[in-house]
1. I want the local charge near Asp22. Using Cβ-Cβ distances under 13 Å, sum +1 for each Lys or Arg and -1 for each Asp or Glu among the other residues.
2. Can you compute the modelled spin-label distance between Gln151 and Thr24, with each label point 7 Å from Cα toward Cβ, in nm?
3. In the chain, what is the count of Lys pairs whose alpha carbons are under 24 Å apart, counting only pairs at least 8 residues apart or on separate chains?
4. Calculate, for the chain, the solvent-accessible area per residue in square angstrom, rolling a 1.4 angstrom probe over the heavy atoms of the protein chains.
5. Over the chain, one equal point on each Cα, no solvent: what is log10 I(q)/I(0) by the Debye formula at q = 0.08, 0.13, 0.18 Å⁻¹?
6. Taking the Cα-to-Cβ direction at Asp43 and at His132 and moving 7 Å from each Cα, how far apart do the two end points lie in nm?
7. Which of the listed residues, Phe14, Pro110, Val54, is farthest toward the dipole's positive end in the range 1-113, when Lys, Arg count +1 and Asp, Glu count -1 at the beta-carbon?
8. If we count every other residue with Cβ under 11 angstrom of Gly103's Cβ, Lys/Arg +1 and Asp/Glu -1, where does the sum land?
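The values are calculated or read from the model by the stated rules, or taken from the named source; none is laboratory data. It should be emphasised that the depicted structure is a prediction, and the values quoted were computed from it without experimental measurement. Here the Cβ positions follow ideal geometry from the backbone for every residue, glycine too, while neighbour counts run over all protein chains shown. These area figures cover heavy atoms from the full protein model, side chains too; ligands, DNA and RNA do not enter into them. Shrake-Rupley method; radii C 1.70, N 1.55, O 1.52, S 1.80 Å.
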Amino acid sequence: MTRTTAPNPEILTFEEYLTYDDGTDVRYELVDGELVEMPPEADENSELARFLFVELLKHVPFQMISYKETEIEVSGRRARCRLPDLIVHSEASKAALAGKSRGTITRDMPPPALVIEVVSPGVTNRIRDYRHKRTEYAARCIPEYWIVDPQEQQITVCQWVEGAYEDMVWRGSDRLQSAIVPAFTLTVDQIFAMKS
């Protein structure tokens, strides 16, 4: 997925971003105050995200999972807001969104329990998911962050331990282990083959 900056390069505050409407169905992330267009995912990435959504439903109530519709305000040089592939809410993050007109978890709200990103092809996307988003989600104290990497056929589970993420990398016949979804028992091979 190649991301492009919106045609108007003006710098937005987070509040301006929340009210931004260009009259299209284009989805954006806010990166240091700039709108960055989020084009449609590669088919493989979308299938992986949907597969994980279905598998998570076996362990987590439907209303606690967000599929590409809830964004998270994160820290950066300027205003930043990310739109993860999947979120498993904490009770507190779900409650904080009740009655809101927009699915945005702001910095003054409790974090979700789990964020999942499927890595898109390209060096820029890899750096964004492995480095930038990892740092941003850690700063929000999100208990668990999964980096699902089709290119490397691996899943990195970043778990919040005593103020920092500790990473575990799972490959092949390894069973994914999650503190947030402990009953999740698929192997990495099963996930990438998209069969249970």
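1. Counting the neighbours of Asp22, the net charge comes to -4.
2. 2.6
3. Value for the chain: 8.
4. Accessible surface, normalised per residue, equals 49 Å².
5. Result of the Debye calculation: -0.25, -0.68, -1.34.
6. 2.8
7. Pro110
8. +2
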